[in-house]
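Q: Please read through the structure below; I'll follow up with questions.
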Amino acid sequence: MHRNYLELLMYLADKTRLFAPLETSTNKMASDLKISQQTISRKLREMERLGLITRDVNYKGHVITLTQKS
């Protein structure tokens, strides 16, 4: 488990009920978790690079899905 990502992984797991896609914005996630939008963006990029999530960007924000690895 990647300790740096635990809080964000738990948030995503709760919002997605594990493996359903979550459509959200980094601003919404930052507000919910009370951390900066820049930190959320950086962690999402790192988590995607590590294979913990898949992420697509659309006009509404991000569609994030946890992977089996997470």
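Q: Can you compute 3J(HN,Hα) from phi for each residue in the stretch 4-17, using the Karplus curve 6.51 cos²θ - 1.76 cosθ + 1.60 with θ = phi - 60°, rounded to whole Hz and x for Gly and Pro?
A: Taking θ as phi minus 60°, the curve returns 4, 10, 4, 4, 5, 4, 5, 4, 5, 4, 5, 6, 9, 6 Hz for the stretch 4-17.
Q: Compute the relative contact order of the chain as a whole-number percentage, counting only Cα pairs closer than 8 Å that sit 6 or more residues apart in sequence.
A: Computed over the chain, the figure is 36 percent.
Q: Might you work out the accessible area of residue 57 for me, using a 1.4 Å probe with all protein chains in place, and round it to the nearest 10 Å²?
A: Accessible area, nearest 10 Å²: 110 Å².
Q: May I pose another question? Please calculate how many Å² of accessible area the stretch 1-42 carries per residue, with a 1.4 Å probe and no DNA, RNA or ligand atoms counted.
A: 67
Q: Separate question: Explain nothing, just compute: Karplus ³J(HN,Hα) = 6.51 cos²θ - 1.76 cosθ + 1.60, θ = phi - 60°, for every residue of the stretch 37-50 in order, whole Hz, x for Gly and Pro.
A: 4, 5, 5, 4, 4, 5, 5, 5, 4, 5, 5, 5, 4, 7
Q: For the chain, run through the trypsin sites (Lys or Arg not before Pro) and keep only the ones in DSSP coil with at most 15 other Cβ atoms within 10 Å of their Cβ.
A: Taking the chain and a limit of 15 other Cβ atoms within 10 Å, the loop trypsin sites (Lys or Arg not before Pro) found are 17, 34, 60, 69.
Q: Tell me the volume per residue, in Å³, of the convex hull enclosing the alpha carbons of the chain.
A: 76
Q: If amide H atoms are built 1.01 Å from N in the plane of the peptide, which residues on other chains or at least 5 residues away come under 5 Å of the amide H of residue 67?
A: Distant-sequence amide H within range of residue 67: 53, 54.
The values are calculated or read from the model by the stated rules, or taken from the named source; none is laboratory data. Source: prediction; values computed, not measured. Cβ: placed from backbone, ideal geometry, glycine included. Neighbour counts: every protein chain shown. Accessible surface areas use protein heavy atoms only, side chains included; no ligands, DNA or RNA. Shrake-Rupley method; radii C 1.70, N 1.55, O 1.52, S 1.80 Å.
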